[in-house]
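J.: Sharing a structure below in structure tokens format, with a few things to ask.
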Amino acid sequence: MKHHLSPHLPSPAPLRSNLLRAVSSAVCASLLAALVACSGEPAPALFELESSVAAGDYSLGSEAAQGLSLGSEPRIQVFSTDYERRPAVLMNGGRWQWRGILPERTRLQIGAAAVSPGAHRLVARLHDGRSTEVLDVATSSDPERSLWLDVGADLEGSEERIVTLEVELERLDGQPLSEVAWGPVVLRPAGEALRAEASEPPNLLFILVDTLRYDRLSAYGYERPTTPHIDSLLADRGVLLENAYSQAPWTLPSVVSYLTGRYPGEVLSDNMAAFGIPPQIPSLPERVRDRGYVTAGFYANPALYRGNGFDRGFDTVFTPPADLEWFTRHADDLNRRMIPWLEANQHRPFMLYAHYLDPHDPYDNPDIVDDRSQFYPDYPGHLHGRLIHGIYGGYHKLYFPEEDVRHINALYDSEVVYVDRFVGQLVRALEPEVLDNTLIVLTSDHGEELYDHGGWKHGQTLYEEQIHVPLIFRWDRRFPAGQRLRGTVELVDLMPTLMAALGAEPDPLWQGRNLLSALAGEAPLPRRPAFAQHLSSGPLRAASVLDGNKLILFNRQAPFDPPDKLQEYLWRQDLERMETVELYDLGKDPGEQDNRAGADPAAVENLSPVIHRHLDRRLPGLRIVADGLPSGAELEARVRFESSPAGWNPYFLGAEDGAQLTGTDLVLQWRGEAAGAAAAPGRGVRVDESFGRVLAVEATLDGEPLPPAAIQVGGRPYQGGAVAPAELESATWPAPREGVSLRLWLPAHDLLENAPEENEETRRRLKALGYL
């Protein structure tokens, strides 16, 4: 395994008073240690290895009477091994010691890794002149890899006791060590000394539970007791948002959205292998670190890795390899890495991003015995949670559908119970004085389909089980406990909300809303619709939600040639279960089984502009769309171009609509839907931008010429004759006029100029993980 070293220096950003007090204590300890040599008086002590090395506050070679004694000249660098990058102090040899006064209620945390692979043991010992106590031991038995080892202990002391802390990393084969990376290494007072000032901005603990459906949390009304820890530690003591929506039904675009405050479809290209955080857009951890916080991100999902920007802004970051084996790791493995970091860093301003992978498939964990969930132990069939991807792709059949579906749902619920336990463990790792001023947010990147609409897993549809996610905040100093808010919110709202809590000014490029006043009970939630886009394989799907109504549009007439058997199977399934236009009353029909689009065209008309305005900022090409056709009416348009366009693409065309391009002439036909049927408002085509000028536009309604005022070009009435491309541009989505109308325009902006470029490692990971 390769290890990567790069220079690392402490951040010059201003620190809050907690950290200043800690640094002051360390300086005092160093000064008082010098006085001890003369007066013999005991002195309080606190140290951080990296800070001490940066300040030159150590001695070399011999064991010092007081303070830090190192065996070789140290250097501060960033060290990567075991898929985790940490700031570290590198030294030759594996032993050092510190001697000083042990304050009352002290916390010790030490991390270390050998630069060379091998089996190692990390030991921390405490000597007080009378006895030696082994504080903690961690062992790695893997001879082929170098693993991070972490030890920690809570210590009790008194002003009369001078102690020696001895730390050693040793090879189990007895061979000498060449070089060791140490970090974090902290000895700090705990408890009351850590209490922050009331005016100070909070720490941030961002908990993301991958693939967690909102309706499987007992706090959201689920009948099974799946989330007792999330309920008691977060929902009961914080604010629960009842109607929060992800901006995409799968991980990569969703994470890009909430870590940038931007809609993913507006910053990502159509190429999934290029999905990542665009280099020109600052991410949440970057902005938080710039405010003087120490930051860490721990991703359990192998689709998220450093090469596509998800490490930016994190001082410490863990990203697993593109190996399916890592989908079998569980929340305990992530906590094993995160809690030592939290123990070492919660005495300073911090942001911790915890991305759990449970309950992503496979649905399996140590609680599931003999492939049976505690919620359905008598399942009589043969399916188990490791077959979910095969069931999703149609490779494994459901021979007993009712029992099989019940069993798979029970396995999923067992995954929720399992991750809930470790979320509770993470929150409880915060000391009470730290928790008092820590803003905690818990959410999910997307949900999971469990045969709700005839399919499995996620990424293909925009039904509630895919994009309606849990969202819970806790901030004891600011948010009232037990509050529930019902308005529609989006994950894109997280960036402006969290940064406002830190006292930052809003960025005009953020596309979410600041929810801080509503969370504090000072104002109602802003009223704004939610938007989501599938951003996966196959033709476009988009959705909008407002006031309990939900509209989904599916561009099912778009040509699509599935590249493999999996995509072919999913495409056939989607064509069978999804309509071009779907409208649901979520209050009466939360399971989205009664499509009301034909019965409530007014609601369709009300929500469709949300979708069109978003897509207008995303999709290229000249729009030619029709609106307001009465039932059974026929509209025909002929558009003549200066040059023959390279092609055209359907834009939510109905089954009886069509278009034909012959040379420089594009002929389009629309038919008004029959009474009680549904059609997408604003449906038509997008034409490639290689046509020069528009020379002429003609249209007839049921054989009669359409009035000139009913034809709009670039958002203005068409005056006849040729129209240059600049005259076709419209800065915003142009609203249709009353009655039948034909509209042509070019979006006047392109938000994709900073989109990430294709990344071969992203492509490899998505293929390895079944996304491509």
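The values are calculated or read from the model by the stated rules, or taken from the named source; none is laboratory data. The structure displayed is predicted, hence computed values, not measured ones. Neighbour counts are summed over all protein chains in view; Cβ atoms, including those assigned to glycine, are modelled from backbone coordinates with ideal geometry. Surface accessibility is based on the protein's heavy atoms, side chains included, excluding ligands, DNA and RNA. Shrake-Rupley method; radii C 1.70, N 1.55, O 1.52, S 1.80 Å.
J.: Based on the Cβ-Cβ distance from residue 59 to residue 144, what FRET efficiency comes out when R0 is 41 Å, to the nearest 0.05? Write down the numbers at each step before the final one.
T.: Details: r = 36 Å, r/R0 = 0.89.
Once rounded, the FRET efficiency stands at 0.65.
J.: So for each of 545-558, 583-596 I average, over its residues, the number of other beta carbons within 10 Å; can you give me the resulting order with the highest mean first?
T.: Listed from highest to lowest mean packing, they are 545-558, 583-596.
J.: Hey, can you find the accessible area per residue of segment 185-341 for me, probe 1.4 Å, expressed in square angstrom? Can you show the working numbers first?
T.: Numbers: 3990 Å² over 157 residues.
The answer is 25 Å² per residue.
J.: Still on this model: Between residue 667 and residue 594, with labels modelled 7 Å along Cα→Cβ, what's the label distance in nm to one decimal, could you check?
T.: 4.4 nm
J.: Rounded, prolate or oblate: pick one for segment 285-366, where a ≥ b ≥ c are the square roots of the eigenvalues of its C-alpha gyration tensor, a/c under 1.5 means rounded, and failing that, prolate if a/b is larger than b/c, else oblate.
T.: Oblate, since a/c reaches 1.5 and b/c is not below a/b.
J.: Shifting gears a bit: Once you order the gyration tensor axes a ≥ b ≥ c over the Cα atoms, which shape class does segment 648-772 get: rounded for a/c under 1.5, otherwise prolate or oblate by comparing a/b with b/c?
T.: Prolate is the answer for segment 648-772, as a/c is 1.5 or above and a/b outweighs b/c.
J.: Would you pull out the residues with amide H under 5 Å of residue 599's amide H, same chain only if 5 or more places away, H placed 1.01 Å from N?
T.: none
J.: For Cα pairs less than 8 Å apart in space and 6+ apart in sequence, what is the mean separation divided by the residue count of the chain, i.e. the relative contact order in percent?
T.: Answer for the chain is 12 percent.
J.: Something else now. Just need the relative contact order of segment 110-264 here, percent rounded to a whole number, with Cα pairs under 8 Å and 6+ apart.
T.: That works out to 20 percent.
J.: Sticking with this structure for a sec: What is the P(r) of segment 329-466, as percent of Cα-Cα pairs per 10 Å bin from 0?
T.: That works out to 11, 36, 28, 17, 8, 1, in percent per bin.
J.: Just to be sure I understand, if you calculate semi-axes √(5λ) of the Cα gyration tensor in Å for this structure, which of (1) 44, 38, 28; (2) 44, 30, 26; (3) 56, 27, 24 do you get?
T.: It is the value labelled (3).
J.: To check you understand DSSP bridge types, tell me what percent of the beta bridges within the chain (both residues inside) are antiparallel, rounded to 5. Display every interim value, and only then the final one.
T.: Numbers: 126 of 160 bridges.
Antiparallel bridges: around 80 percent, rounded to the nearest 5.
J.: When ranked by the protection proxy of mean other Cβ atoms within 10 Å per residue, highest first, what sequence do the peptides 741-749, 365-373, 706-714, 291-299 form? Don't skip to the answer; put the middle values down first.
T.: On the way: 741-749: 20.8, 365-373: 14.9, 706-714: 18.0, 291-299: 23.8.
With the highest mean Cβ count within 10 Å placed first, the list reads 291-299, 741-749, 706-714, 365-373.
J.: Continuing with this model, one more query. Tell me, what ³J(HN,Hα) does each residue in segment 470-484 have, in order and in whole Hz, if you take phi through Karplus 6.51 cos²θ - 1.76 cosθ + 1.60 with θ = phi - 60° and put x for Gly and Pro?
T.: x, 8, 9, 10, 9, 8, 4, 6, 10, 9, x, 6, x, 7, 10
J.: Take the alpha carbon atoms of segment 695-722, find their center, do the same for segment 199-276, and report the distance between the two centers in whole angstrom.
T.: Comparing the Cα centres of segment 695-722 and segment 199-276, I get a distance of 47 Å.
J.: Around residue 703, what is the net charge, scoring Lys/Arg as +1 and Asp/Glu as -1 over all other residues with Cβ under 11 Å from its Cβ?
T.: Residues close to residue 703 contribute a combined charge of -4.
J.: Distances over 24 Å make up what percent of all Cα-Cα pairs in segment 515-608?
T.: 36 percent
J.: Can you tell me how segment 270-326 classifies by the Cα gyration tensor, rounded, prolate or oblate, using a/c under 1.5 as the rounded cut?
T.: oblate
J.: Please state the relative contact order of segment 404-487 as a whole percent: Cα pairs under 8 Å, 6+ residues apart?
T.: 30 percent
J.: Quick one: 3J(HN,Hα) in Hz for segment 387-394, Karplus 6.51/-1.76/1.60 with θ = phi - 60°, rounded, Gly and Pro as x.
T.: Computed from phi, the couplings for segment 387-394 are 9, 4, 5, x, 5, 4, x, x Hz.
J.: Calculate, in nm to one decimal, what residue 153 and residue 677 gain on full extension: separation in residues at 0.36 nm each, minus their alpha carbon distance.
T.: 181.8 nm is the gain from fully extending residue 153 to residue 677.
J.: Can I ask one more? Could you state the orientation-averaged shadow area of the convex hull built on the Cα atoms of segment 372-428, in nm² to one decimal?
T.: Numbers: hull surface 17.4 nm².
Mean projected area for segment 372-428: 4.3 nm², to one decimal.
J.: Could I ask something else about it? If you place +1 on the Cβ of every Lys and Arg, -1 on the Cβ of every Asp and Glu, and leave all else neutral, what size is the dipole of the chain about its Cα centre, to the nearest 20 Debye?
T.: Taking the Cα centre of the chain as origin, the dipole is about 1260 debye.
J.: May I pose another question? By how many nm would the segment from residue 737 to residue 644 grow when fully extended, if each residue of separation counts as 0.36 nm and the alpha-carbon distance is taken off?
T.: 30.5 nm
J.: Taking the alpha-carbon distance from residue 767 and a cut-off under 26 Å, which lysines remain once sequence neighbours fewer than 8 residues away in the same chain are dropped?
T.: Residue 767 reaches 2, 397, 457, 565.
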